[in-house]
Amino acid sequence: MMAETSTGAGRVVVTGGSGFIGRAVVTALRARGCHVIVVDRDEPVIDDPGVTHVRGELSDPEVQQAAVPVGTDGIVHLAAATSVLRSVATPAETYDNNVAVTQALLELARERGVSRFVLASTNAVVGDVGDATITTDMPLRPLTPYGATKAACEMLLSGYAGAYDMATSVLRFSNVYGPGMSHKDSFVPRLMRAALHDEGVRVYGDGLQRRDLVHLDDVVRAVMLAWDKRHSGTAIVGSGRSMSVLEMVATAREVTGAALPVEHVPAPQGEMPAVVVDVSGSADSIGYHPHVGLRSGLTGVWQYFRDNGS
């Protein structure tokens, strides 16, 4: 389903709007003149009269009610419990934070006439496909409670699109990196911190496992494209070019000038051999094309870390 393009300003809810991706999405929406309602458990980080903050847990019905006032044009739902390991340890809590919250927001959207809903999802919904390229038509076979909750959320969006003519867009992000992620513990910030402090990095196994890294700017562009096109369906948002962990280290060495010695350590159970995504379908569905290459992207991240420290 593809409705007409719409780029007008309005009132947009961004859950997780104080986070790494959320801040960038809020900035992009404000640049268009949208009034943004940020819903987040953390302290507000954006001081802007065009941004209203609702602080609290989205699992709280009072927070949900405050988050989606009448007259809301759409919801960009980024907040979620995203830790795979924690989801294995606390599956019921992960369900509450992901599935139950998404259902509650969709129901508020239905009741209050909200016409657009964009969900941040993950390629983990298809499980371990080995070296195969991930496409949107693969069956959903998640292997963890986290992946299962995101698959359930995707199905909820599909149901609301079909039953209530709501434009519901699922965006499956690959590994997102960019400026502003110094607080995170994923591989790119670990590389940057190691370079800052002239340290080494630990690499699981032989380091030949492949990953798709997508820059924050490309992710924000995808959100805006899905929003503008009132897209209903699923789109994969990645760079479309997977590389090994050792290639990432080599690129980081070029960008930072640091030695970044590697210590190989045993891979944890469940370590994926490859994440290879096909973004060509996203060009057809929402007009998405990745723009930022890894070397250019890491250069910007390195500058951010140099300016702001670890």
Fill in the blank from the handout: Note: among 249, 255, 265, just one is aliphatic (A, V, I, L, M), farther than 24 Å from residue 127 by Cβ, surrounded by fewer than 22 Cβ atoms within 10 Å (Cβ to Cβ) and at pLDDT below 95, namely 265
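Yes/no per residue for (1) in contact with a Gly (Cβ under 7 Å, 6 or more places away or on another chain); (2) assigned to a helix (DSSP H, G or I); (3) at pLDDT 95 or above; (4) within 30 Å of residue 306 (Cβ to Cβ):
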position: 99; (1), (2), (3), (4): no, yes, yes, no
position: 120; (1), (2), (3), (4): no, no, yes, yes
position: 124; (1), (2), (3), (4): yes, yes, no, no
position: 143; (1), (2), (3), (4): yes, no, no, no
position: 158; (1), (2), (3), (4): no, yes, yes, no
Practice task
Pick out the one residue from 239, 186 that is of a type outside the set (Val, Ile, Thr), under 19 Å from the mean Cα position of the chain (by Cα) and closer than 23 Å to residue 306 by Cβ.
Solution key: 186
Practice task
With the condition kept exactly as written, say whether any residue in the range 143-153 is surrounded by fewer than 17 Cβ atoms within 10 Å (Cβ to Cβ) and either of a type outside the set (Phe, Trp, Tyr) or under 30 Å from residue 256 (Cα atoms) (or both).
Solution key: yes
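So which of 217, 307 ends up being assigned to a helix (DSSP H, G or I) and modelled with pLDDT under 95? Break it down into steps so the answer makes sense when it comes.
Working: 217 fails: modelled with pLDDT under 95.
Answer to the selection: 307.
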Fill in the blank from the handout: Of (1) over 21 Å from residue 153 (Cα atoms); (2) surrounded by fewer than 20 Cβ atoms within 10 Å (Cβ to Cβ); (3) touching a Lys or Arg at 6+ places or on another chain (Cβ under 8 Å); (4) not β-branched (Val, Ile, Thr), residue 34 satisfies every one except (2)
Practice task
For the range 268-281, enumerate the residues that are over 26 Å from residue 153 (Cα atoms) and surrounded by 15 or more Cβ atoms within 10 Å (Cβ to Cβ).
Solution key: none
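Please verify whether residue 239 is modelled with pLDDT of 95 or more and under 30 Å from residue 106 (Cα atoms), treating the condition exactly as stated.
Yes, satisfied.
The values are calculated or read from the model by the stated rules, or taken from the named source; none is laboratory data. A quick note: this is a predicted structure, and the numbers were derived from the prediction, not measured. Virtual Cβ from ideal backbone geometry, glycine too; neighbours counted across all protein chains shown.
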